[in-house]
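Peer 1: Here it is, the structure in full.
The values are calculated or read from the model by the stated rules, or taken from the named source; none is laboratory data. In this text, all values refer to a predicted model and were calculated from it rather than measured experimentally. Cβ: placed from backbone, ideal geometry, glycine included. Neighbour counts: every protein chain shown. Ligands, DNA and RNA are stripped out before the accessible areas are found, and what is left, the full protein with its side chains, is counted by its heavy atoms. Shrake-Rupley method; radii C 1.70, N 1.55, O 1.52, S 1.80 Å.
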Amino acid sequence: MGLCAVLLICLSQAELGRVWAQQHEDALSGTTLQTSEDLSGLHRTRRDQQTPHRHREARNTEGGGLDISTLPDNMTRIVEDTQQYYTWKSFGPTDRRTKDLWIDLNTLHKSQVQIHGILSNAHRQAARVALSFDFPFYGHHLRQIIVATGGFIFMGEITHRMLTATQYIAPLMANFDPSFSKNSTVRYSDNGNLFVVQWDKVHLKDREAEGPFTFQAVLHRNGTIVFNYRDIPIPVEKMNSTEHPVKVGLSDAFMALLPSSQLPDANRRTIYEYHRVEIDITKIVSRSAFDFTPLPTCLQHTSCDLCLTSNLTTGCGWCNTLQRCSDGIDRHRQEWLDYNCPEEAKGKCEDYNPVLPEGSMSSFNQSSPGPTPSSAVIEDPPVTKDIQTGPPNHKGKTGNLAIIAGVVAALVLLVVLTLLAVYYINTHPTVAPPFYLMQRRTNNYWPSMKFRNQGCHSSYAEVELGGHEKDGFIEAEQCC
């Protein structure tokens with residue numbers, strides 16, 4: 001009898017494990033990354049230079065998985081840049097401003113400059129860096145960024161393989177390989193007012209003979225972004241590669257939850273790029289620079305009056321439920337829709353803070369009668385109960401003790417059966433039920449933080465927290 005019970009428990013655990021694994025796989029397949037734009041207004045279509053095969057990876061974020069599926073013919077539809085978020089200026093080699101914008105890391109103390117040991121000796125890897133200040137990017141204040149070996153900074157909150165798709169600051173995104181030369185480094189400095197990252201003497205992958213590149217991106221506390229170029233040995237328009245996108249500029253996106261066609265009850269996470277800044281790459285030469293100045297956004301207004309009356313912004317609406325000012329196109333768009341903010345934004349501030357006309361309060365007070373003697377009589381008098389002086393009721397206590405004893409007995413029986421099952425599995429590993437469990441057991445149910453792909457085309461592996469720390473840096477395996 002006991003043996004039958006043990007076998008029954010083993011089979012039931014195996015079946016539960018199979019069902020749980022299947023459900024988890026289905027949940028992971030319910031989200032997708034897309035970089036597209038279906039908003040009304042002007043737009044243009046652009047084909048990203050991406051790998052000619054599919055990537056599919058997952059990462060556990062906020063208790064759920066993020067599944068990335070990038071199609072080989074992925075199209076990116078972009079809203080035409082109308083300088084709504086940034087204005088910029090370019091400076092050539094003869095401009096005095098170019099020299100002033102360059103941050104010379106060699107003149108700083110060694111303690112102020114950090115050479116990232118992993119990125120300086122890797123290809124297609126990225127690492128998180130914490131800022132000492134809140135950096136405003138498209139109106140959103142960020143405290144963490146991800147620096148990549150490919151000449152760009154990823155500004156998104158959720159990481160995935162296709163970091164090059166959107167949400168970036170790219171002084172010169174290309175297929176750079178800092179591991180080629182000992183002189184190639186990725187270093188950065190943060191003094192509390194600005195953060196600068198410099199790709200120093202880096203070479204293009206498989207095109208090392210064309211010479212080293214040196215350039216930097218500077219993030220100022222007020223949101224200003226500067227691209228500085230010290231050494232650009234070849235024209236940027238000749239850097240096109242089928243294995244890695246070549247981009248220069250800024251980009252941001254928002255995430256939306258859309259119904260999944262495969263799973264009726266599941267939602268698919270889709271990333272929409274709502275704005276991109278692209279600059280004239282023909283102006284990128286040695287000793288040139290670009291200065292990006294942020295413009296006011298709706299998100300900076302903290303009250304309804306400022307949101308609707310400010311001359312600095314247009315198209316803003318106030319959502320009283322979220323206490324947020326927005327035009328509906330930012331990283332909080334999904335929350336804006338979930339709380340029905342588009343309808344609230346049609347209202348006025350008076351709708352949320354009604355102003356009563358003069359004298360209305362006095363009339364209200366006069367029309368609101370106070371307590372009358374009749375109403376006082378209607379009120380129930382305080383209820384008092386006599387303290388029980390008879391013998392205690394032992395029937396209730398006996399019933400409670402019986403319930404507790406039954407629960408304890410059931411728990412003890414469950415523990416004993418579990419121990420017997422474990423003992424039986426360990427002592428009889430070749431019997432069918434234990435062997436079935438061993439075959440079904442796997443450690444790959446949960447997604448890993450590191451993403452992999454054969455060939456590593458246009459994909460980045462984030463440095464893991466579980467790596468080996470050395471001199472303040474986090475080491476991890478190279479992607480390729």
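Peer 1: Could you list all residues from segment 193-212 that are surrounded by 21 or more Cβ atoms within 10 Å (Cβ to Cβ) and more than 21 Å from Arg124 (Cβ to Cβ)?
Peer 2: If the condition is that a residue be surrounded by 21 or more Cβ atoms within 10 Å (Cβ to Cβ) and more than 21 Å from Arg124 (Cβ to Cβ), then Phe195, Val196 are the ones that fit.
A quick yes/no check of all residues on (1) within 27 Å of the chain's Cα centre (by Cα); (2) closer than 19 Å to Thr87 by Cβ; (3) assigned to a strand (DSSP E or B); (4) acidic (Asp, Glu):
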{"residue": "Asn240", "(1), (2), (3), (4)": "no, no, no, no"}
{"residue": "Leu250", "(1), (2), (3), (4)": "yes, yes, yes, no"}
{"residue": "Arg269", "(1), (2), (3), (4)": "yes, no, yes, no"}
{"residue": "Leu322", "(1), (2), (3), (4)": "yes, no, no, no"}
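Peer 1: A further question follows. Identify the residue in segment 178-192 that is open to solvent by 40 Å² or more (accessible area, probe 1.4 Å) and touching a strand residue (DSSP E or B) at 6+ places or on another chain (Cβ under 9 Å) and, among all such residues, is farthest from Ala289 (Cα to Cα). I'd like the intermediate steps shown before the answer.
Peer 2: In the first step, residues of segment 178-192 are kept if they are open to solvent by 40 Å² or more (accessible area, probe 1.4 Å); the result is 179-180, 182-183, 190-191.
Now restrict to residues that are touching a strand residue (DSSP E or B) at 6+ places or on another chain (Cβ under 9 Å): 180, 183, 190-191.
Details: Phe180: 26, Asn183: 23, Asp190: 20, Asn191: 21 Å.
Across segment 178-192, the extreme among qualifying residues is Phe180.
Peer 1: Taking Ile281 as the residue in question, decide whether it is within 26 Å of Arg124 (Cβ to Cβ) and touching a helix residue (DSSP H, G or I) at 6+ places or on another chain (Cβ under 8 Å). Let's see the steps before the verdict.
Peer 2: Numbers: within 26 Å of Arg124 (Cβ to Cβ): yes; touching a helix residue (DSSP H, G or I) at 6+ places or on another chain (Cβ under 8 Å): yes.
Taking the combined requirement at face value, the residue satisfies it.
Peer 1: Quick check on my filter: what residues within segment 83-127 are of a type in the set (Val, Ile, Thr), part of a loop (DSSP other than H, G, I, E, B) and touching a residue at least 24 places away in the same chain (Cβ under 8 Å)? Talk me through it step by step, then tell me what you get.
Peer 2: Looking only at segment 83-127, we keep the residues that are of a type in the set (Val, Ile, Thr), and these are 87, 94, 98, 103, 107, 113, 115, 118.
With part of a loop (DSSP other than H, G, I, E, B) added as a condition, the list becomes 94, 103, 113, 118.
Listed by number, the residues that qualify are Ile103, Val113, Ile118.
Peer 1: Tally the residues that are in contact with a Ser or Thr (Cβ under 8 Å, 6 or more places away or on another chain) and either at pLDDT below 95 or open to solvent by 50 Å² or more (accessible area, probe 1.4 Å) (or both), restricting the search to segment 334-344. Working first, answer last.
Peer 2: So the first thing to find is which residues in segment 334-344 are in contact with a Ser or Thr (Cβ under 8 Å, 6 or more places away or on another chain), and the list is 336, 339-341, 344.
Adding the requirement that they be either at pLDDT below 95 or open to solvent by 50 Å² or more (accessible area, probe 1.4 Å) (or both) leaves 339-340, 344.
Going through segment 334-344 one residue at a time, the tally reaches 3.
Peer 1: So is Thr107 over 33 Å from the mean Cα position of the chain (by Cα) and either open to solvent by 60 Å² or more (accessible area, probe 1.4 Å) or at pLDDT below 95 (or both) or not? Step through it out loud before you land on a result.
Peer 2: Working: over 33 Å from the mean Cα position of the chain (by Cα): yes; either open to solvent by 60 Å² or more (accessible area, probe 1.4 Å) or at pLDDT below 95 (or both): yes.
Judged against the criteria, Thr107 is a match.
Peer 1: Could you list, in sequence order, all residues of segment 309-322 that are surrounded by 17 or more Cβ atoms within 10 Å (Cβ to Cβ) and under 14 Å from Glu350 (Cβ atoms)?
Peer 2: Residues of segment 309-322 that are surrounded by 17 or more Cβ atoms within 10 Å (Cβ to Cβ), as a first pass: 313, 316-319.
Scanning segment 309-322 gives a single hit, Trp318.
Peer 1: In segment 213-223, is there at least one residue being free of Cβ contacts under 8 Å to residues at least 24 places away in the same chain, among the basic types (Lys, Arg), farther than 19 Å from Asp95 by Cα and surrounded by fewer than 22 Cβ atoms within 10 Å (Cβ to Cβ)?
Peer 2: We begin by selecting, within segment 213-223, every residue free of Cβ contacts under 8 Å to residues at least 24 places away in the same chain; these are 214.
Keeping just the survivors that are among the basic types (Lys, Arg) gives none.
No, the conditions are met nowhere in segment 213-223.
Peer 1: Would you confirm whether or not segment 210-231 contains a residue that is at pLDDT 95 or above, more than 30 Å from the chain's Cα centre (by Cα) and more than 15 Å from Phe176 (Cα to Cα)?
Peer 2: For segment 210-231, residues at pLDDT 95 or above, more than 30 Å from the chain's Cα centre (by Cα) and more than 15 Å from Phe176 (Cα to Cα): present.
Peer 1: Of the conditions (1) surrounded by 15 or more Cβ atoms within 10 Å (Cβ to Cβ); (2) over 17 Å from Lys89 (Cα atoms), Ala289 satisfies every one except a single condition; which number is it?
Peer 2: Answer for Ala289: the failing condition is (2).
Peer 1: Take the residues in segment 147-181 that are of a type in the set (Phe, Trp, Tyr) and either over 11 Å from Ala217 (Cβ atoms) or not in a strand (DSSP E or B) (or both), then tell me which one is farthest from the chain's Cα centre (by Cα).
Peer 2: Step one: filter segment 147-181 for residues of a type in the set (Phe, Trp, Tyr), giving 152, 154, 168, 176, 180.
Now drop any that are not either over 11 Å from Ala217 (Cβ atoms) or not in a strand (DSSP E or B) (or both), which leaves 154, 176, 180.
Details: Phe154: 10, Phe176: 25, Phe180: 31 Å.
Across segment 147-181, the extreme among qualifying residues is Phe180.
Peer 1: Return a yes/no flag: does segment 233-241 have any residue that is modelled with pLDDT of 95 or more, farther than 28 Å from Ala130 by Cβ and out of contact with any strand residue (DSSP E or B) (no Cβ under 9 Å at 6 or more places or on another chain).
Peer 2: yes
Peer 1: On the given criteria, is Asp190 acidic (Asp, Glu) and within 23 Å of Pro136 (Cα to Cα)? Give the derivation first.
Peer 2: Details: acidic (Asp, Glu): yes; within 23 Å of Pro136 (Cα to Cα): yes.
Yes.
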